[in-house]
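The values are calculated or read from the model by the stated rules, or taken from the named source; none is laboratory data. All values derive from a computational prediction rather than experimental measurement. In this analysis, Cβ positions are derived from the backbone assuming ideal geometry, glycine residues included, and neighbour counts consider all displayed protein chains.
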Amino acid sequence: MNNKNIQLLVNGKRIDGRLPEQLRPIEMKVGVLSRADGSAEVRFGNTIALAAAYGPRELFPRFLQEEETGILRVRYAMVPFSVDERKSPGSDRRSIELSKVMRLALEPAMFLEDFPKATIDVFVDIIQADGSTRVTGINAASLALASAGVHMKDLVAACSVGKINNTLVVDLNGIEDNNSESDMAVAMMPSKNEITLLQMDGELDKEEILTLLNFARENCKKIYELQKQVLKEKYKEGE
Amino acid sequence: MQEKYALELLEMGKRVDGRKFEEYREIKIEKGPVQKAEGSAIASIGKTKVAAGVKIELGEPFPDAPNEGILIVNCEFSPVASPEFEAGPPGEDAIELARIVDRTLRESKCIQLDKLTVSQDKVFIVFVDLHVLNDHGNLLDTSALAAVAALSVTRLPKVEDGQIKRGEYTGNLPLVYKPVVVSVCKACSKFLVDPDLEEEDVVESKLSIGVRDDGKICAMQKQGTGTLKFEDVGKMLDLAILKSKELRNFLA
């Protein structure tokens, strides 16, 4: 977030050739893991997120159980070879925070009160990180939950937006993310039009934030259509 | 029981302690209570109390920023502050709080990190440790106030023969802004600031907003299990910008 001298936009095009408001190529697959109750792989350009959902299943140790509701647990992790410099395995402060905000991004879409004493667990592994890993992970987690047959109020769709070279853009890649003036992660339940995750850092005024929120909303809706499509395809296959 | 009462009151447009929705509890800041630290402060909002201490050490710069000092923010939810806090390594709430304060300080560029080089390969590392003394709601806003108050009285230590000489100083930490965090809460479709302990349990969602002196937003984080509507965000930003001026007065 410090070097603004890097040229990230040339003649209105981004370093990977995209226009400011253009998403990277997106690929989604569901049911990619045989042992998980639900799973998904989502790619945003070179960023690859793999999510597995288990449950609802009984929560152990028992003292963690809630009498009146189930709980959702989410763990986000970057695998050691997902980045330029090897990331030592295990949780760090960043992944602990991201796991928490991802849980809160998904929870509003769940009916946890239907599963007292139980847990639903979602594990998100970032296989390759090239920017926007948390939102790619949320898209994968939401698909994994849906493909596990967990009842949901809506899917959760997410995307990043931000400001590079004084221009507002959508879906930051790794280089853009590292050199951005600001970045913002947004997740929402598209059919309910409600925000479930909102994080921002950088330097923006109110109007810029509202413009970026609109960018995020439009693109989350596009992502939502892709999510529904991949689930429908899979469901047809299974018939 | 308390929760239900707080909720019923909010629905009627009232708060447990009779405050207005956009009103903070009493704010107090004590600067420099800890002489051993290079800078320190205790901020309280109502009964909530957070101590911030700044310690400065020498170290090597990060390879991607060879000419800049380093800022590190930590937070400890000490068991003295609440029966719900446990001794041991920081949990996700403490980590999240520290990271939001960190982003608010870093992204506001309030500390001139490029003025913290000491020699060719040594820079000052500025450790901001937040130590929660009493949790009675709204820890984040209180912590950010404590952090900036402590930084505002931080002195740079004297360096002799490549080592810090404790107790001797060469000047003040170059601090050019005083960012504050205003957490705007949503409960019963209403917006309020500075939830008390009872209110915190009924708040559905919260948007914590870091605001710089010039009104620029330097950090935002949605918290809580509820959702926000798109039209909420603009209103929450307006309220945060308004209240930020008031909070900053306490840092003068």
Considering only residues that are hydroxyl-bearing (Ser, Thr, Tyr) and within 12 Å of chain A (Cβ to nearest Cβ), look in segment B:59-117 and name the one that is surrounded by the fewest Cβ atoms within 10 Å (Cβ to Cβ). B:108
Among strands (runs of 3 or more DSSP E) lying entirely in segment A:6-90, which contain 1 or more residues that are of a type in the set (S, T, N, Q)? A:38-44, A:47-58
Is there a residue in segment A:172-190 that is modelled with pLDDT of 95 or more, under 18 Å from residue A:43 (Cβ atoms) and part of a loop (DSSP other than H, G, I, E, B)? yes
Could you check segment A:204-222 and list, in sequence order, the residues that are hydrophobic (A, V, I, L, M, F, W, C), closer than 14 Å to residue A:21 by Cα and either touching a helix residue (DSSP H, G or I) at 6+ places or on another chain (Cβ under 8 Å) or free of Cβ contacts under 8 Å to residues at least 12 places away in the same chain (or both)? A:213
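So how many residues does segment B:206-249 have that are among the hydroxyl-bearing types (Ser, Thr, Tyr), at pLDDT 95 or above and within 14 Å of residue A:198 (Cα to Cα)?
Matching residues across segment B:206-249 total 2.
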Residues located in segment B:198-251, provided they are assigned to a helix (DSSP H, G or I), facing chain A (nearest Cβ under 10 Å) and farther than 24 Å from residue B:14 by Cβ: B:230, B:231, B:233, B:234, B:237, B:241
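Residue by residue, here is whether (1) at positive phi; (2) in contact (Cβ under 8 Å) with a residue 60 or more places away in the chain holds:
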{"site": "B:26", "(1), (2)": "no, no"}
{"site": "B:34", "(1), (2)": "no, no"}
{"site": "B:58", "(1), (2)": "no, yes"}
{"site": "B:68", "(1), (2)": "no, no"}
{"site": "B:71", "(1), (2)": "no, no"}
{"site": "B:79", "(1), (2)": "no, no"}
{"site": "B:88", "(1), (2)": "yes, no"}
{"site": "B:103", "(1), (2)": "no, yes"}
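Residue-wise test of (1) more than 12 Å from every other protein chain (Cβ to nearest Cβ); (2) touching a strand residue (DSSP E or B) at 6+ places or on another chain (Cβ under 7 Å); (3) over 23 Å from residue B:223 (Cβ atoms); (4) crowded, with 24+ Cβ neighbours inside 10 Å.
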{"position": "A:130", "(1), (2), (3), (4)": "yes, yes, yes, no"}
{"position": "A:133", "(1), (2), (3), (4)": "yes, yes, no, yes"}
{"position": "A:147", "(1), (2), (3), (4)": "yes, yes, yes, yes"}
{"position": "A:153", "(1), (2), (3), (4)": "no, yes, no, no"}
{"position": "A:160", "(1), (2), (3), (4)": "yes, yes, no, yes"}
{"position": "A:181", "(1), (2), (3), (4)": "no, yes, yes, no"}
{"position": "A:185", "(1), (2), (3), (4)": "no, yes, no, yes"}
{"position": "A:226", "(1), (2), (3), (4)": "yes, yes, yes, no"}
{"position": "A:236", "(1), (2), (3), (4)": "yes, no, yes, no"}
Can you say whether residue B:182 is of a type outside the set (D, E, K, R), in a helix (DSSP H, G or I), touching a Leu at 6+ places or on another chain (Cβ under 8 Å) and within 14 Å of chain A (Cβ to nearest Cβ), as far as the supplied structure shows? no
Identify all residues within segment A:198-227 that are in a strand (DSSP E or B), over 14 Å from the mean Cα position of the chain (by Cα) and of a type outside the set (Gly, Ala, Ser); write none if there are none. A:200, A:201, A:203, A:204
Would you confirm whether any residue within segment B:123-138 is at pLDDT 95 or above, within 11 Å of the chain's Cα centre (by Cα) and not in a strand (DSSP E or B)? yes
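The rows are residues; the columns are (1) of a type in the set (Lys, Arg); (2) under 28 Å from residue A:195 (Cβ atoms).
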position: B:146; (1), (2): no, no
position: B:151; (1), (2): no, no
position: B:158; (1), (2): yes, no
position: B:165; (1), (2): yes, no
position: B:175; (1), (2): no, no
position: B:188; (1), (2): no, yes
As an exercise: evaluate residue B:158 against (1) surrounded by 21 or more Cβ atoms within 10 Å (Cβ to Cβ); (2) not in a helix (DSSP H, G or I) and give the number of the one condition it does not meet. (1)
